[in-house]
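The values are calculated or read from the model by the stated rules, or taken from the named source; none is laboratory data. The structure presented is a predicted model; accordingly, all values stated were derived computationally and were not measured. Cβ placement follows ideal geometry from the backbone for every residue including glycine, while neighbour counts extend to all protein chains displayed.
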Amino acid sequence: MTKYEIMFIVKSTLDDATLSNTTKEVQKIITDNKGKVIEFKDMGRKKLAYPINKEVSGFYYLMNAEANHDAIREFDRRLRINENILRHLILKKESE
């Protein structure tokens, strides 16, 4: 399996329950596709550099995961259609 570093931004206008469910759902996408979440870090609420869909701030999350290519492709697809996710970035880590 390949290691990935994933960062995503969640809308700041969500209530606590929806925010928690969204982050759990994001992690579940990886684990359901035979991947493994190594580290999950909440980086807090930050002001965006420019408005995205009329949102001016968002909750930033950083996740390190091990997964195969198909799991990452499904992860990318699901985050694109999730209305609570403003942006996401998936980086493949170099083998050490």
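Criterion applied to ARG73, ARG78 was being charged (D, E, K, R) and in contact with a helix residue (DSSP H, G or I) (Cβ under 6 Å, 6 or more places away or on another chain), and the one residue passing it is ARG78. Looking for something out of contact with any helix residue (DSSP H, G or I) (no Cβ under 9 Å at 6 or more places or on another chain) and either among the acidic types (Asp, Glu) or closer than 16 Å to SER57 by Cα (or both) - is there at least one such residue anywhere in segment 18-32? Scanning segment 18-32 turns up at least one residue that is out of contact with any helix residue (DSSP H, G or I) (no Cβ under 9 Å at 6 or more places or on another chain) and either among the acidic types (Asp, Glu) or closer than 16 Å to SER57 by Cα (or both).
The residue list LYS36, LYS92 contains one member that is surrounded by fewer than 17 Cβ atoms within 10 Å (Cβ to Cβ) and either touching a Cys at 6+ places or on another chain (Cβ under 6 Å) or in contact (Cβ under 8 Å) with a residue 60 or more places away in the chain (or both), which is LYS92. Checking each residue in segment 59-84 for being in contact with a Leu (Cβ under 9 Å, 6 or more places away or on another chain) and either under 21 Å from TYR4 (Cα atoms) or part of a strand (DSSP E or B) (or both) picks out only PHE59.
Residue by residue, here is whether (1) in a strand (DSSP E or B); (2) among the hydroxyl-bearing types (Ser, Thr, Tyr); (3) surrounded by 13 or more Cβ atoms within 10 Å (Cβ to Cβ); (4) on the phi < 0 side of the Ramachandran plot holds:
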{"position": "THR22", "(1), (2), (3), (4)": "no, yes, yes, yes"}
{"position": "ASP42", "(1), (2), (3), (4)": "yes, no, no, yes"}
{"position": "ARG45", "(1), (2), (3), (4)": "yes, no, no, yes"}
{"position": "LEU86", "(1), (2), (3), (4)": "yes, no, yes, yes"}
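The single condition among (1) of a type outside the set (Asp, Glu); (2) loosely packed, with under 12 Cβ neighbours inside 10 Å; (3) under 10 Å from the mean Cα position of the chain (by Cα) that ASN53 does not satisfy is (3). Is it true that VAL56 is assigned to a strand (DSSP E or B) and in contact with a Leu (Cβ under 8 Å, 6 or more places away or on another chain)? When the stated conditions are applied, VAL56 passes them.
The residue of segment 1-20 that is modelled with the highest pLDDT, among those that are exposed (fewer than 15 other Cβ atoms within 10 Å of the Cβ) and of a type in the set (A, V, I, L, M), is ALA17.
Exactly one residue out of ILE9, ILE30 is aliphatic (A, V, I, L, M) and in a helix (DSSP H, G or I), and it is ILE30.
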